[in-house]
Amino acid sequence: MKTKNSLPILMYHGIKTDAQSVPNDREIGAELYDLPWEQFADQMTWLMDHNYQTITIDELDNCSQQRQVILTFDDGEMNNFIHALPILKRLKFKAYFFVIVERIGKPGYMGWNELRQLHEAGMTIGSHGLTHRILTDLTDREVERELEDSLKCLVNHLGDGISTLSIPRGFCDDRVMAIAYKLGYINVFISERPGHLKSNCWERIAVKKSWNVQRLQKALNGIQPVNEKILDWIKRTIKKLLNGETYNRLRNMIISISS
């Protein structure tokens, strides 16, 4: 039986070419998750060749003998529309696209026209917050504004039926989750599940630029290399000790020094 732990949910970000610019207001480290267009195409073709079916949460069939996977994209960058969408349409794949609502239509990000075309192509649009702030550092009212205002804006422009959320920056706790469900979100996606979290949510696998098809295959089979497990353990431990903004500043400093 497939569960929240066994169903592979892939998390993508930028899909780009060397010649294409990226938004100026990206967070430091976003480039670690940028996939070259050809690499993304190879991964999607591999899924097709190995009989993977892309589904939404509502289509999850625990009895299905076919391999099932969920595709998600965070941030709403224009390169998703330019490069990812044509590949998905050609292969008849579906995916979730989570957008930062205040960045819609800004340079480097999809506008309402692109989002409507995604929706018409069978993709699911969801919220990635209003401004991409770390929710665990905010008051209840600030969290409500981030989640409620972004949801209302998406519904106003795209119509009813929007009920999915991707937690910005991966920081969440049961307080944030309770507010999200109270506001009407039905399915909430995170990057990795904190050990203390009791609320229901959908954990994802962050696909990195360094991954080849073989590494993707391991992820789909629930296999993580030992070195990555150690790094993830260190990251989770530091996250427990620091609040969101402090952890983010430390992460940005390390990335800046190493780049």
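The values are calculated or read from the model by the stated rules, or taken from the named source; none is laboratory data. Just so it is clear, the model here is predicted, and its values are computed rather than measured. Positions of Cβ are generated from backbone atoms using ideal geometry, with glycine treated the same way; all protein chains shown enter the neighbour counts. With ligands, DNA and RNA removed, areas are computed over all heavy atoms of the protein, side chains included. Shrake-Rupley method; radii C 1.70, N 1.55, O 1.52, S 1.80 Å.
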Worksheet item: Looking at region 102-143, which of its residues are charged (D, E, K, R), touching a residue at least 24 places away in the same chain (Cβ under 8 Å) and farther than 21 Å from Ile162 by Cα?
Response: Lys106, Asp137, Asp140
Discussion item. Can you find a residue that is over 21 Å from the mean Cα position of the chain (by Cα), at pLDDT below 90, of a type outside the set (Phe, Trp, Tyr) and open to solvent by 80 Å² or more (accessible area, probe 1.4 Å) anywhere in region 220-231?
Written reply: yes
Worksheet item: Here are some residues: Ile100, Ile57. Which one is of a type outside the set (S, T, N, Q) and touching a helix residue (DSSP H, G or I) at 6+ places or on another chain (Cβ under 8 Å)?
Response: Ile100
Discussion item. Of the conditions (1) touching a helix residue (DSSP H, G or I) at 6+ places or on another chain (Cβ under 6 Å); (2) touching a residue at least 60 places away in the same chain (Cβ under 8 Å); (3) surrounded by 15 or more Cβ atoms within 10 Å (Cβ to Cβ), Trp37 satisfies every one except a single condition; which number is it?
Written reply: (2)
Discussion item. Going residue by residue through region 62-75, is there one that turns out to be crowded, with 20+ Cβ neighbours inside 10 Å and at positive phi?
Written reply: yes
Worksheet entry | Residue count, region 162-186 (criterion: farther than 18 Å from Asp137 by Cβ, open to solvent by 20 Å² or more (accessible area, probe 1.4 Å) and either under 19 Å from the mean Cα position of the chain (by Cα) or of a type in the set (Asp, Glu) (or both)) | 4
Item to complete: Mind counting the residues in region 79-101 that are without any contact (Cβ under 8 Å) to a residue 40 or more places away in the chain and not in a loop (DSSP other than H, G, I, E, B)?
Response: 6
